[in-house]
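Trainee: Take this structure, written in structure tokens, and hold onto it; I'll ask about it next.
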Amino acid sequence: MTPGTLRRLVVLRHAKSAWPQDVADSERPLAPRGCRDAPAAGRWLREADCVPDLVVCSPARRTRQTWDLVTAELGASAAVIHEERIYRASAGELPEVVREIPAHVRTLMLIGHNPGVQELVLLLAGGTDGYALEQTRTKFPTSAIAVLRVPGPGRPLNLVPPG
């Protein structure tokens, strides 16, 4: 790809988490279902050739655990940045994180939380139609993956309000 061309953004919602008592939200671990689903997400990403060059992950325990289980299935490693802004980010804040990614990164994975990641997918893909987008409007469940083409560095993200 040449500078300024489109690149890929893989948005992954963390796997299903547990809700133990007396545990801070940021320290909630994955539930047994999440421990089963995250490796399946990693296998899907590998088979779809969506292996990231860089991962920007919320520092929450459940997102870090999700990445650990996903990466074990990818057959490749990627640099990881734990970005505090993703933890409670809205869709309006997440594009700034994406804009800051270095030009050499062609496939970026963002691992975060709802409603921010669902809203981000709707903002970036809002101008398109289709079954997958309609399903995303309805629900973006745990371990959900969206693969989007985004402008290269220095080009604005096309944000379309969900409708």
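The values are calculated or read from the model by the stated rules, or taken from the named source; none is laboratory data. Since the structure is predicted, the reported quantities are computational estimates derived from the model, not experimental observations. Quick reminder, even Gly has a Cβ in these numbers, built from the backbone with ideal geometry, and neighbours come from all protein chains shown. To get the accessible areas, we keep the full protein, side chains included, count just its heavy atoms, and leave off ligands, DNA and RNA. Shrake-Rupley method; radii C 1.70, N 1.55, O 1.52, S 1.80 Å.
Trainee: Any residue in the stretch 102-115 that is over 24 Å from ALA60 (Cβ atoms), open to solvent by less than 50 Å² (accessible area, probe 1.4 Å) and either modelled with pLDDT under 85 or basic (Lys, Arg) (or both)?
Mentor: No, the stretch 102-115 contains no residue that is over 24 Å from ALA60 (Cβ atoms), open to solvent by less than 50 Å² (accessible area, probe 1.4 Å) and either modelled with pLDDT under 85 or basic (Lys, Arg) (or both).
Trainee: A further question follows. Which residue, of ALA38, ALA76, ALA31, ALA72, is within 19 Å of LEU108 (Cβ to Cβ) and over 16 Å from the mean Cα position of the chain (by Cα)?
Mentor: Result: ALA76 is the single residue among ALA38, ALA76, ALA31, ALA72 that is within 19 Å of LEU108 (Cβ to Cβ) and over 16 Å from the mean Cα position of the chain (by Cα).
Trainee: Moving on. Going by the structure shown, is VAL147 surrounded by 14 or more Cβ atoms within 10 Å (Cβ to Cβ), in a loop (DSSP other than H, G, I, E, B) and either at pLDDT 85 or above or among the aromatic types (Phe, Trp, Tyr) (or both)?
Mentor: no
Trainee: Looking at SER17, is it touching a helix residue (DSSP H, G or I) at 6+ places or on another chain (Cβ under 7 Å) and under 26 Å from GLU119 (Cβ atoms)?
Mentor: Yes; evaluated as a whole, the condition is true for this residue.
Trainee: What single numbered condition from (1) at pLDDT 95 or above; (2) surrounded by fewer than 18 Cβ atoms within 10 Å (Cβ to Cβ) fails to hold for LEU30?
Mentor: Going through (1) at pLDDT 95 or above; (2) surrounded by fewer than 18 Cβ atoms within 10 Å (Cβ to Cβ) one by one, LEU30 breaks only (2).
Trainee: OK, next. For the list (1) open to solvent by 20 Å² or more (accessible area, probe 1.4 Å); (2) farther than 17 Å from GLY112 by Cα; (3) out of contact with any Asp or Glu (no Cβ under 7 Å at 6 or more places or on another chain); (4) not acidic (Asp, Glu), I need the number of the one condition that LEU74 fails.
Mentor: (1)
Trainee: Of all the helices (runs of 4 or more DSSP H) wholly in the stretch 1-100, which have at least 2 residues that are among the acidic types (Asp, Glu)?
Mentor: Passing ranges, in order: 32-47, 61-74.
Trainee: Could you please let me know if ARG43 is farther than 19 Å from VAL105 by Cβ, in contact (Cβ under 8 Å) with a residue 12 or more places away in the chain, in contact with a strand residue (DSSP E or B) (Cβ under 8 Å, 6 or more places away or on another chain) and surrounded by fewer than 19 Cβ atoms within 10 Å (Cβ to Cβ)?
Mentor: no
Trainee: Hey, another quick one. Within the stretch 22-60, how many residues turn out to be touching a Lys or Arg at 6+ places or on another chain (Cβ under 6 Å) and over 13 Å from LEU12 (Cβ atoms)?
Mentor: Here the count works out to 7.
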